[in-house]
Amino acid sequence: MIPFERHRLPNGLTVLCHTDLTTPLVCVNVLYDVGARDEAPEHTGFAHLFEHLMFSGSVNIPSYDLHVENAGGENNAFTNNDITNYYLTLPAPALETAFWLESDRMLDLAFSEKGLEVQRDVVVEEFRQRYLNQPYGDVWLMLRPLAYAVHPYRWPTIGMDPAHIAGATMDMVRDFYRRFYHPGNAILSVAGPVRPDALFREAERWFGPLPSGPPNRRSLPAEPEQTAPRKLEVEREVPAPGFYRVYPMMGRGEEGFFAADLLSDVLSSGNSSRFYRRLVKDKALFSELNAYVTGELDPGLFVIAGKVALGHSLEEAIAAVDEELDALAVKEVDERELTKVKNKAESVLAFGELSLSEKALDLAYYELMGDADLYNAQIKRYREVGPADLRRMASTLFDPRRSSTLIVHPAESQE
């Protein structure tokens, strides 16, 4: 449970305050409602590139990091398909420094050809090192366009091609900033020893004068229903065959999400899970095998991913996975097994609430979904899921006609 209070500025900025008097630190989280799904197909990877540019300095503050360090703080950021998020943690008396830094780069980010060139090179190199030069690194570059036909989730956050990032121009950068980086498209969440009234006054002082930008009206193409299985087989320089299968599922805020999430835990959460006990430990068909949900805002994916163990055929291993999925659709999970994964889900939420930055992020994220209090309703939603719900979910979710499968074979030269 994360108690909070909310305040909205006239320019559209939503401000959330969670008071925690047990810590001397304060976390300031700024979430922008923009991610990879907001990119044009010919300019993918741009939201991630812009995350890097935001640390290049503003017109009035050339070095963002220097002032954070001088205040005794630390900062970071991340981009995914739905959002771009910036956060910094520093001693509570330095809260005004955080507001000064964040409001200034929200108002007037500095743009230079040199800065753009440097960050383009950084991101392109990251693309090569993490996605092109590592075993299994390009899996999601192939799996997403296999699973999605039209929705922009069909490319990963890094983008489809390094050439898209390398081709970013100054005009594109400025346009992106004007469209998405303004108070009306942001949520400011603060957690720490701060009182709501005082915090809201400071937010009005530092962010209130900033002009609101254009409304972010999305018109994303809806993914058509998949009616036939899809499959892609490739060869790569990898040590063992890789098996990846995804099924389309509901978005995070839709009915059924919590049942699907618990279903993934039944399959692969810990050493007592079905995949580990039966297919990794007992039959030794896989050296590793995982199931998880992508958990995106728009309809996402239920993912099964593993490496086939040496001495076993790919066909044998996949047949065993299918057998486990079929069993879930036929026989209900017993109460003891379901209680175990529910308890784990609750413990993950509880441990997350020990982190100041996690609390600030969670409030902002669920506010974007419609109401920050949705976070506090999660435990209740998990507890409401019953064995029959899991069986119904499995029978619908694991329809072979809706599956997309990627097989990564070791290159023949390695064999």
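None of Leu289, Leu328 is within 29 Å of Tyr153 (Cα to Cα), part of a helix (DSSP H, G or I) and not hydroxyl-bearing (Ser, Thr, Tyr) except Leu328.
Contact annotation: residue pairs with Cβ atoms under 7 Å, 6 or more positions apart or on different chains, pairing a residue in the range 311-329 that is assigned by TED's automatic domain parsing to the domain that holds Ala284 with a partner that is outside any helix (DSSP H, G or I) and among the β-branched types (Val, Ile, Thr), are Leu314/Val308; Leu314/Ile407; Ala317/Val308; Val321/Ile304. Of all residue pairs spaced 6 or more apart or on separate chains, those with beta-carbon atoms under 8 Å, a first member in the range 253-264 that is of a type in the set (A, V, I, L, M) and a second member that is surrounded by fewer than 21 Cβ atoms within 10 Å (Cβ to Cβ) and assigned to a loop (DSSP other than H, G, I, E, B) are Ala260/Met250.
Selection of the range 374-415 for residues being among the hydroxyl-bearing types (Ser, Thr, Tyr) and outside any strand (DSSP E or B) yields Tyr375, Tyr382, Ser395, Thr396, Ser403, Ser413. Selection of the range 15-32 for residues being surrounded by fewer than 20 Cβ atoms within 10 Å (Cβ to Cβ) and in contact with a strand residue (DSSP E or B) (Cβ under 7 Å, 6 or more places away or on another chain) yields Asp20, Thr23, Pro24, Leu25.
Within the range 35-47, identify whether any single residue is over 21 Å from the mean Cα position of the chain (by Cα), of a type in the set (Asp, Glu) and part of a strand (DSSP E or B), and answer yes or no. No, there is no match, as no residue in the range 35-47 is over 21 Å from the mean Cα position of the chain (by Cα), of a type in the set (Asp, Glu) and part of a strand (DSSP E or B). Based on what the data block shows, is Gly57 without any contact (Cβ under 8 Å) to a residue 24 or more places away in the chain and among the small types (Gly, Ala, Ser)? Criteria not met by Gly57.
Residue by residue, here is whether (1) under 30 Å from Asn185 (Cα atoms); (2) at pLDDT 95 or above; (3) under 20 Å from the mean Cα position of the chain (by Cα); (4) buried (at least 19 other Cβ atoms within 10 Å of the Cβ) holds:
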residue: Tyr366; (1), (2), (3), (4): yes, yes, yes, yes
residue: Met369; (1), (2), (3), (4): yes, yes, yes, no
residue: Asp373; (1), (2), (3), (4): yes, yes, yes, no
residue: Arg381; (1), (2), (3), (4): yes, yes, no, no
residue: Glu384; (1), (2), (3), (4): no, yes, no, no
residue: Asp389; (1), (2), (3), (4): no, yes, no, yes
residue: Ser395; (1), (2), (3), (4): no, yes, no, no
residue: Phe398; (1), (2), (3), (4): no, yes, no, yes
residue: Thr405; (1), (2), (3), (4): no, yes, no, yes
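Kindly indicate whether Phe50 is over 20 Å from Glu202 (Cα atoms) and modelled with pLDDT under 95. Yes, satisfied. For His67, the conditions (1) in contact (Cβ under 8 Å) with a residue 40 or more places away in the chain; (2) outside any loop (DSSP other than H, G, I, E, B) all hold with the exception of (1). No other residue among Gly137, Gly73 is surrounded by 21 or more Cβ atoms within 10 Å (Cβ to Cβ) and free of Cβ contacts under 8 Å to residues at least 40 places away in the same chain apart from Gly73.
Could you please let me know if Phe258 is part of a helix (DSSP H, G or I), buried (at least 18 other Cβ atoms within 10 Å of the Cβ), within 27 Å of the chain's Cα centre (by Cα) and outside the structural domain of Leu90 (by TED's automatic domain parsing)? Considered against the rule, which asks whether it is part of a helix (DSSP H, G or I), buried (at least 18 other Cβ atoms within 10 Å of the Cβ), within 27 Å of the chain's Cα centre (by Cα) and outside the structural domain of Leu90 (by TED's automatic domain parsing), Phe258 comes out as yes. Test Val280 against the criterion of being over 18 Å from the mean Cα position of the chain (by Cα), β-branched (Val, Ile, Thr) and surrounded by 19 or more Cβ atoms within 10 Å (Cβ to Cβ), and give yes or no. Yes: the conditions hold for Val280.
Is it the case that the range 262-272 has a residue that's buried (at least 19 other Cβ atoms within 10 Å of the Cβ), under 27 Å from Pro135 (Cβ atoms), modelled with pLDDT under 95 and not β-branched (Val, Ile, Thr)? Yes: one or more hits. Under the condition of being surrounded by fewer than 19 Cβ atoms within 10 Å (Cβ to Cβ) and touching a helix residue (DSSP H, G or I) at 6+ places or on another chain (Cβ under 8 Å), the residues counted in the range 1-14 number 6. When the range 130-175 is filtered for residues that are in contact with a strand residue (DSSP E or B) (Cβ under 6 Å, 6 or more places away or on another chain) and on the phi > 0 side of the Ramachandran plot, only Tyr136 remains.
Kindly list the number of the only condition in (1) more than 26 Å from Gly295 (Cα to Cα); (2) of a type in the set (Asp, Glu); (3) assigned to a loop (DSSP other than H, G, I, E, B) that fails for Glu102. All conditions are met except number (3). The listed residues are Glu316, Glu324, and the only one of them that is in contact with a helix residue (DSSP H, G or I) (Cβ under 9 Å, 6 or more places away or on another chain) and either within 30 Å of Thr89 (Cα to Cα) or of a type outside the set (Val, Ile, Thr) (or both) turns out to be Glu324. Determine if the range 284-295 includes at least one residue that is closer than 24 Å to Asp389 by Cβ and out of contact with any Ser or Thr (no Cβ under 7 Å at 6 or more places or on another chain). Yes.
The values are calculated or read from the model by the stated rules, or taken from the named source; none is laboratory data. Quantities reported herein were computed from a predicted structural model and do not represent experimental measurements. Quick reminder, even Gly has a Cβ in these numbers, built from the backbone with ideal geometry, and neighbours come from all protein chains shown.
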